[in-house]
Amino acid sequence: MITGKNYIGDLLSAKGKTKFKTINPELNSENETVFYEASEDEICQAAVLADEAFKIYSTIPDVKKAEFLEAIADEIEALGDVLLTTYIQESGLPAGRANGERARTTGQLRAFATMLKEGSWVEAIINKTEGKPDIRRIQIPIGPVVVFGASNFPLAFSTAGGDTASALAAGCPVIVKSHPLHAGTGELVASAIIKAAKRTEMPNGVFSNINSSGISVGKTLVEHPSIKAVGFTGSIKGGTALCKIAANRPVPIPVYAEMGSINPVLILPSALKSDSEKWATNYAASITAGTGQFCTNPGLILGVKSKELEDFITILALETDKLDPTCMLHPNIKRQYESLKSEVLEQEGYTKKTIVEKETKPNYALQSIITVDGDTFLKNRTFHKEVFGPFSVVVKCDDIQQLNEIILDLEGQLTGTVLNSDLKEYEDFKEVIENLKNKVGRLIFNNVPTGVEVCSGMTHGGPFPASSDSKFTSVGLTAIKRWVRPVTYQDWPDQLLPKALQDKNPLNINRTVNDIVTQNPI
Ligand code: NAP
């Protein structure tokens, strides 16, 4: 059952005076539950409790933390249909997506559990050199972390999403600032985490869930001295505001923000010649997937002017037109989509290719494809902006040089894609592709950018403003690196060292003098 209250550790609490409700965007009406924004007192309690919990939780063996993560996954599944129904009521997303996102969320938790049991994530390094100090390095958790739930992923990037799973795996207590668009979904998942924490005997305060309907709660949390890092997925405006708050604290802390991206796609002449129809169909589906509300949505397609490019644009527009409009997450997100789209459509020098102008429900988004030539795109930065929704710009470049100029002019991106049907063509576009690589976190060959695999090799991040720190990823197992810092033990007695650094660890026995070793599993 949803109570509308905040979880301060395992205590349900509602001291704040501000109340709010979530919205069912499909029905365009309010859902029933009344939520209480957390008071300053509740925020401080959660932060102090997390600080206390850190002392115990940071020393808990990896196998126990793995049990906790697996228990969270089990408890989320045990919530059953009520979780899916609430998710759908609060997001307007379809049942298939709700199911898929739940599976992704529990899959992530279990993947981090497996990683903990394997052990090499601590990156133990042992330097034993005769006549020199004995130096051994290991990663340790940094302290309590605040996670901002994302509006567009009520499960996989929210309460028990990748940020929370990776921080808990690292040994950091987590306070989630629940996203107000899906506070009920957040509370249900929070209840599962609290149940799992009790069942596996984790310290109280290892997890709290805080509600808000305005930015002051998030600001207070980020400013609290007990908080040591922040995870965020959302807008460039929100992410950069939080980075500034964190940098201006007496003790600054890192904010790992995953923000906007238009995810450029280069369609090379060979792909236009051989696979135009396939890519047009796949890209119509990718641009409109999740009503375009994915950070990896392909918002920019680039090609060199030709008859084949014109044909591709025509099919892309036709295929996009064929699709029925779908519901956006919230009336505010729909308003923002319309406003950003209007700003672009008020510019000069573009051609609108799609004609979808069907009668539709209030929060449904009409998809749009426009084209501009390379000169116009270079001169007018409004065409470079992320329009969060089913919207994409196709740029017709004069030649490879202009394509290169455009790539060099782009801001940092989460992804860059190359569509090619003849590898011999690669040499002609080598410089362009090298320049694209330097702008992105993930370089894709012959696919669509939507769909982010959760695995060790994934990078979901990129140069600013795609993320606040391009050295890290928010998806995949290496997301844990955001919540740890290295510590070096010098000349410590073996039995007092962490297990992963001890000589008696079977994997360390055979090391000889002068060995410099990146540690294998303990
Ligand atoms: P948002 O406005 O960036 O907000 C995300 C979270 O950050 C919310 O919980 C919000 O708190 C908090 N926040 C924002 N600004 C803050 C500030 N100055 N100080 C403290 N906290 C702050 O994103 P959103 O609500 O998810 O969606 C709004 C727009 O963001 C969308 O229309 C879209 O354009 C963009 N967006 C982009 C992506 C992407 O992946 N590229 C994903 C989601 C959204 P409150 O909710 O309590 O105000």
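Run lengths n ≥ 4 of DSSP H only: what is the helix-derived mean residue ellipticity at 222 nm for the chain, with -39500 (n - 2.57) per run over all residues, to the nearest 500?
About -12000 deg cm²/dmol.
Quick one: dipole size for region 264-445, taken about the Cα centre, charges +1 on Lys/Arg Cβ and -1 on Asp/Glu Cβ, in debye to the nearest 20.
Roughly 620 debye, rounded to the nearest 20.
Over region 264-445, what is the percentage of antiparallel beta bridges among all DSSP beta bridges, to the nearest 5?
If we restrict to bridges inside region 264-445, about 20 percent are antiparallel.
Using amide H atoms built in the peptide plane, which far-off residues or other-chain residues are under 5 Å from Lys15 H to H?
Close amide H contacts, sequence-distant or interchain: Ser39.
If you average the alpha carbon positions of region 230-266 and of region 46-82, how far apart do those two centres end up, in angstrom?
Spelled out, the Cα-based centre of one part sits 26 Å from the other.
Provide the per residue accessible area, probe 1.4 Å, for the chain, rounded to a whole number of square angstrom.
In whole numbers, the chain has 41 Å² accessible per residue.
For the chain, what's the relative contact order in percent, using C-alpha pairs closer than 8 Å and at least 6 residues apart?
Worked out over the chain, it gives 18 percent.
Mean separation of Cα pairs under 8 Å and 6+ residues apart, divided by the residue count of region 264-445: what relative contact order is that in percent?
With pairs under 8 Å counted, the relative contact order is 29 percent.
Please list, in order along region 367-372, the HN-Hα scalar couplings obtained from phi with the Karplus expression 6.51 cos²θ - 1.76 cosθ + 1.60 (θ = phi - 60°), rounded to whole Hz, x for Gly and Pro.
Result, ordered by residue: 7, 9, 10, 10, 10, 9 Hz.
Taking the Cβ-Cβ separation of Glu123 and Glu427 as r and a Förster radius of 51 Å, what is the calculated FRET efficiency to the nearest 0.05?
Calculated transfer efficiency: 0.85.
Rounded to the nearest 5, what is the percent of antiparallel bridges among the DSSP beta bridges in the chain? Walk me through the numbers on the way to the answer.
Numbers: 28 of 66 bridges.
Counting DSSP beta bridges with both partners in the chain, the antiparallel share is about 40 percent.
Send over the per residue convex hull volume for region 194-238, Cα only, as a whole number of Å³.
Given the Cα convex hull of region 194-238, per-residue volume reads 113 Å³.
Distance from the Cα centre of region 88-119 to that of region 415-432, in angstrom?
If you average the Cα positions of each part, the centres end up 34 Å apart.
Computed FRET efficiency, Cβ-Cβ of Glu223 and Ser29, R0 51 Å: what is it to the nearest 0.05? List each step's numbers first, then the result.
Working: r = 36 Å, r/R0 = 0.70.
Given R0 = 51 Å and the Cβ-Cβ separation, E is 0.90.
Would you please give the residues with an amide H less than 5 Å from that of Leu300, counting only those at least 5 places away or on a separate chain, with H modeled from the backbone geometry?
Amide H neighbours of Leu300, under 5 Å, 5+ apart: Val265, Val393.
What is the distance, in nm, between label points placed 7 Å from the Cα along the Cα-to-Cβ direction at Ala78 and at Lys17?
Distance between label points: 4.0 nm.
Rounded to two decimals, what is Rg over Rh for region 264-445 when you use alpha-carbon atoms and the Kirkwood radius?
Using Cα coordinates only, the ratio equals 0.95.
Can you run phi through the Karplus equation (6.51, -1.76, 1.60; θ = phi - 60°) for region 43-54 and list ³J(HN,Hα) in whole Hz, with x for Gly and Pro?
So the J values, rounded to whole Hz, are 4, 5, 4, 4, 5, 5, 4, 5, 4, 5, 4, 4.
Please compute the modelled spin-label separation between Lys244 and Met1, points set 7 Å along Cα→Cβ, answer in nm with one decimal.
Going by the 7 Å Cα→Cβ label model, 4.4 nm.
Give the value in nm², to one decimal: projected area of the alpha carbon convex hull of the chain, averaged over all directions.
Values: hull surface 104.1 nm².
With the hull built on Cα positions only, its mean projection is 26.0 nm².
How long is the gain from Arg381 to Thr351 if the chain were fully straight, where each residue apart is worth 0.36 nm and the alpha carbon distance is subtracted? All intermediate terms of the calculation are to be shown ahead of the outcome.
Numbers: separation 30, 0.36 × 30 = 10.80 nm, distance 1.64 nm.
Extending this stretch completely gives an extra 9.2 nm.
Explain nothing, just the number: dipole magnitude of region 1-126 about its Cα centre with +1 on each Lys and Arg Cβ and -1 on each Asp and Glu Cβ, in debye rounded to the nearest 20.
Numbers: 13 positive and 21 negative charges, 18 e Å.
Here the size comes out at about 80 debye.
Hey, rough spin-label estimate for Lys132 and Ala103, points 7 angstrom out along Cα→Cβ, what's it come to in nanometres?
About 5.0 nm separates the two model spin labels.
Once neighbouring chains are kept in place and the probe is 1.4 Å, which whole percent of the accessible area of region 264-445 is contributed by carbon and sulfur?
Values: 3790 of 7680 Å².
Carbon and sulfur: 49 percent of the exposed surface of region 264-445.
For Leu318 and Glu201 in the same chain, what is the full-extension length gain: residue separation times 0.36 nm, less their Cα-Cα distance, in nm?
The span from Leu318 to Glu201 would gain 36.4 nm if fully extended.
The values are calculated or read from the model by the stated rules, or taken from the named source; none is laboratory data. From a predicted model like this one, the values you see are computed outputs, not experimental measurements. Heads up, the Cβs are rebuilt from the backbone with ideal geometry, glycines too, and the neighbour counts pull from every protein chain shown. Heads up: the accessible areas ignore ligands, DNA and RNA and are worked out on the full protein's heavy atoms, side chains in. Shrake-Rupley method; radii C 1.70, N 1.55, O 1.52, S 1.80 Å.
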